[in-house]
1. How would you rank 40-52, 95-107, 22-34, highest first, on the average number of other Cβ atoms within 10 Å across their residues?
2. May I have the convex hull volume per residue, in Å³, for the Cα set of the stretch 2-126?
Amino acid sequence: MKEIESRVEVFELVSTFYSKVRVHNALGPIFNRAIEDWDEHINRLTDFWETNLFFTRKYKGNPMQVHANVDRNEGYNISQVHFGHWLELWFSTIDELFIGRNAHLAKERARGMAHLIFMKLYSLKPVSDQSGQ
């Protein structure tokens, strides 16, 4: 077990995590439909997490809009259950590979982001479909 100290570890975390996401029963189909270039996605998300953990300002994008587009393309069927699976995989991947302050920080930031993104998606769902399930 090692600490997350640089982009090298962030890349390892993101790559390992998304290898699990791609084959997950509930998440895999959604991600595989949404992502055309997995190498690009891994690099973009490495930038995202490197920015979030080390404040490098490498990530440029709008994750809220990206997730809103995916939810719309999925017929507004992304639910809190999906976010729960995502967090479980994220946490278990971190626990398999890393220890320390940044590992804990990566979990806490993911928990906060999952909550914010889910609430944003919920607010954008058509009124007849705000069950949150």
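1. Details: 40-52: 17.8, 95-107: 15.6, 22-34: 13.8.
Ranked by mean Cβ neighbours within 10 Å, highest first: 40-52, 95-107, 22-34.
2. It comes to 96 Å³ per residue, whole-number rounded.
Rule-based calculations on the coordinates, nothing more; no lab input. All of these numbers come straight from a predicted model, not from anything done at the bench. Cβ coordinates were reconstructed from backbone atoms using ideal geometry, including for glycine residues, and neighbour counts include every protein chain displayed.
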